[in-house]
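To keep things clear, I will list the structure first and then write my remarks on it.
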Amino acid sequence: MTREIIVSILEGEGAEGRAGTFTIPEAREATCYVSNPGELLAIGRVVRAELKDHYIMLATAKDERFAFAYEDILGFKLAASAQFKDRSAGFGR
């Protein structure tokens, strides 16, 4: 992916961005998919993406940080956060 595509995706999902750093809204749960020779790497619970000149830095809810070249990014999955889903425990009234 290119930096421009990633910016478009994050802005389209309501991520707030300043100076190349985008914060994922709490109502969204983000996973980033990265190509790796011979396998697919999924970085889950991404809370922040810092877009540098030649690479992207991803920060997770566990305070882990991952850096990848833009061309290694395959895509993002953005879903409603589990804590914001309006679900019952399976019991009807």
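Determine whether region 38-55 contains at least one residue that is on the phi > 0 side of the Ramachandran plot, modelled with pLDDT of 95 or more and of a type in the set (Asp, Glu).
No, the conditions are met nowhere in region 38-55.
Could you tell me which residue of region 42-59 is surrounded by the most Cβ atoms within 10 Å (Cβ to Cβ), considering only residues that are touching a helix residue (DSSP H, G or I) at 6+ places or on another chain (Cβ under 8 Å) and not small (Gly, Ala, Ser)?
Residue satisfying both the conditions and the ranking: Ile56.
Restricting to region 54-78, count the residues that are under 16 Å from Ile5 (Cβ atoms) and not in a strand (DSSP E or B).
Summing the residues that are under 16 Å from Ile5 (Cβ atoms) and not in a strand (DSSP E or B) in region 54-78 gives 4.
Quickly run through region 25-41 and pick out the residues that are in contact with a helix residue (DSSP H, G or I) (Cβ under 8 Å, 6 or more places away or on another chain) and of a type in the set (A, V, I, L, M).
Kept after step one, since they are in contact with a helix residue (DSSP H, G or I) (Cβ under 8 Å, 6 or more places away or on another chain), are these residues of region 25-41: 26-27, 29, 34-36.
Result: Ala27, Val34.
Residue by residue through region 79-93, note down the ones that are within 15 Å of the chain's Cα centre (by Cα) and either modelled with pLDDT of 95 or more or assigned to a loop (DSSP other than H, G, I, E, B) (or both).
Correct list: Ser81 only.
Using the structure shown, decide if Pro25 is of a type outside the set (S, T, N, Q) and under 18 Å from Ala79 (Cβ atoms). Step through it out loud before you land on a result.
Numbers: of a type outside the set (S, T, N, Q): yes; under 18 Å from Ala79 (Cβ atoms): yes.
Against the criterion (of a type outside the set (S, T, N, Q) and under 18 Å from Ala79 (Cβ atoms)), Pro25 qualifies.
Please list, ordered by first then second residue, the pairs with beta carbon atoms under 6 Å, 6 or more apart or interchain, first in region 45-63 and acidic (Asp, Glu), second surrounded by fewer than 17 Cβ atoms within 10 Å (Cβ to Cβ).
Glu50/Thr21; Glu50/Met57
Output yes when any residue across region 25-33 is hydroxyl-bearing (Ser, Thr, Tyr), free of Cβ contacts under 8 Å to residues at least 24 places away in the same chain, open to solvent by less than 30 Å² (accessible area, probe 1.4 Å) and in a strand (DSSP E or B), and no when none is. I'd like the intermediate steps shown before the answer.
Just the residues of region 25-33 that are hydroxyl-bearing (Ser, Thr, Tyr), to begin with: 31, 33.
Now restrict to residues that are free of Cβ contacts under 8 Å to residues at least 24 places away in the same chain: none.
No, region 25-33 contains no residue that is hydroxyl-bearing (Ser, Thr, Tyr), free of Cβ contacts under 8 Å to residues at least 24 places away in the same chain, open to solvent by less than 30 Å² (accessible area, probe 1.4 Å) and in a strand (DSSP E or B).
Report, by residue number, each residue of region 1-24 that is without any contact (Cβ under 8 Å) to a residue 60 or more places away in the chain and of a type in the set (S, T, N, Q).
Ser8, Thr21, Thr23
Looking at region 1-23 only, could you name the residues that are part of a loop (DSSP other than H, G, I, E, B), aliphatic (A, V, I, L, M), open to solvent by less than 70 Å² (accessible area, probe 1.4 Å) and more than 17 Å from Ala67 (Cβ to Cβ)?
Residue satisfying the conditions is Ala15 alone.
The values are calculated or read from the model by the stated rules, or taken from the named source; none is laboratory data. Predicted model only: the values in this text are computed from it and were never measured. When we count neighbours, we look across all protein chains shown, and the Cβ atoms used for this are built from the backbone with ideal geometry, even at glycine. Each accessible area value is taken on the protein alone, full model and side chains, heavy atoms only, with ligands, DNA and RNA left out. Shrake-Rupley method; radii C 1.70, N 1.55, O 1.52, S 1.80 Å.
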